[in-house]
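Student: Can you keep this structure in mind? I'll have questions shortly.
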Amino acid sequence: MTSSPSPSRTRKTAEDRRAEIVRAAGGVALAEGLESVTLRRVADELGVRPGLISHYFPVAEELVATAFGATASAELDELLPPSDATPLERFRRFFEAAIGEMFDDVSRLWLNARHLSRYRPVLSAEVNRQQDNWHERLTAVIADGIATGAFVAGDAAVAATRILVAVDGVSTYVNVGRIPPEAAAFAVMTAERELGLPAGSL
């Protein structure tokens, strides 16, 4: 009798394996906090040996920062994606999604990262980079609105800073169970004021 050949296993490329590790670490971070992102915990999540994780991330702090960065970047692309929509439409969509339960876990992750970044320089650098990315993207949307006459603002970058501060302030409520409606309304009112929009526009 001839035996059937066993199916060959597809070997993952280094890029695919690294991306898989980052995704798993991001999942752990969202569910359990960045403190739980260790080489062993991520290895358990993937069903592999910790040595495989350390091959790609010799320093655990690099994995923590990379996992946060990947998750924060995905959030930005979801909330303010490149789009042909008008600046006003983009802002409306942003607030509909940002101040809802959909992104509560990511809001918790941001709070977690900002707290830990006080003690972890690698994570701190990534938090600052992601904050800069958010500010740059929002500033660009506001500048587009000013150029088309949809918004009235003296300085797009300053308006972006004030709006982000308001949104971040609202997100601090996420760990107490619910965001008060008046807090969410404050963020929207701040944006309308900064963009020179009539009340209720967003």
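Every number in this text was worked out from the coordinates using simple rules, so none of it is lab data. The structure presented is a predicted model; accordingly, all values stated were derived computationally and were not measured. Virtual Cβ from ideal backbone geometry, glycine too; neighbours counted across all protein chains shown.
Student: Would you please classify the overall shape of region 94-134 from the alpha carbon gyration tensor, given that a ≥ b ≥ c denote the square roots of the eigenvalues, rounded means a/c under 1.5, and beyond that prolate means a/b larger than b/c while oblate covers the rest? Write out the running numbers ahead of the final one.
Tutor: Numbers: a/c = 4.36, a/b = 1.86, b/c = 2.34.
It is oblate, given that a/c is not under 1.5 and a/b is not larger than b/c.
Student: Please report the spacing between the Cα centers of region 119-144 and region 59-82 in Å, no decimals.
Tutor: Answer, in whole Å: 11.
Student: Moving on. State, as an integer percentage, the relative contact order of region 149-202 based on alpha-carbon contacts under 8 Å between residues 6 or more apart.
Tutor: Relative contact order comes out at 46 percent.
Student: In region 34-125, which trypsin sites (Lys or Arg not before Pro) are in a loop and have at most 13 other Cβ atoms within 10 Å, using DSSP for the loop call?
Tutor: For trypsin sites (Lys or Arg not before Pro) across region 34-125 that sit outside H, G, I, E and B with at most 13 neighbouring Cβ atoms in 10 Å, the list reads Arg118.
Student: List the DSSP H helices in the chain whose Cα atoms stretch 30 Å or more along the helix axis and whose mean Kyte-Doolittle hydropathy is at least -0.5.
Tutor: Span-like helices in the chain: 121-148.
Student: Take the alpha carbon gyration tensor of region 33-150, find the square roots of its eigenvalues, order them as a ≥ b ≥ c, and report rounded if a/c is under 1.5; if not, report prolate when a/b exceeds b/c, else oblate.
Tutor: Working: a/c = 2.65, a/b = 2.32, b/c = 1.14.
Cα axes put region 33-150 in the prolate bin.
Student: Okay, next question. Under a 10 Å cutoff between Cα atoms, tell me which one of Gly145, Gly27, Gly154 has the largest fluctuation in the Gaussian network model of the chain.
Tutor: Gly154
Student: Taking 0.36 nm per residue of sequence separation and subtracting the Cα-Cα distance, how much length would be gained by fully extending the chain between Ser54 and Asp105, in nm to one decimal? Walk me through the numbers before you get to the answer.
Tutor: Values: separation 51, 0.36 × 51 = 18.36 nm, distance 2.67 nm.
Length gained between Ser54 and Asp105: 15.7 nm.
Student: Label region 130-202 by shape, choosing from rounded, prolate and oblate, from the square roots a ≥ b ≥ c of the eigenvalues of the Cα gyration tensor; if a/c is under 1.5 it is rounded, and otherwise prolate applies when a/b is larger than b/c, oblate when it is not.
Tutor: oblate
Student: Using 0.36 nm per residue of separation minus the Cα-Cα distance, give me the extension gain between Ala85 and Tyr119 in nm, one decimal.
Tutor: Separation in residues times 0.36 nm, less the Cα-Cα distance, equals 8.2 nm.
Student: Also, quick follow-up: Mind pulling the per residue volume of the convex hull built on the Cα atoms of the chain? Å³ is fine.
Tutor: 163 Å³
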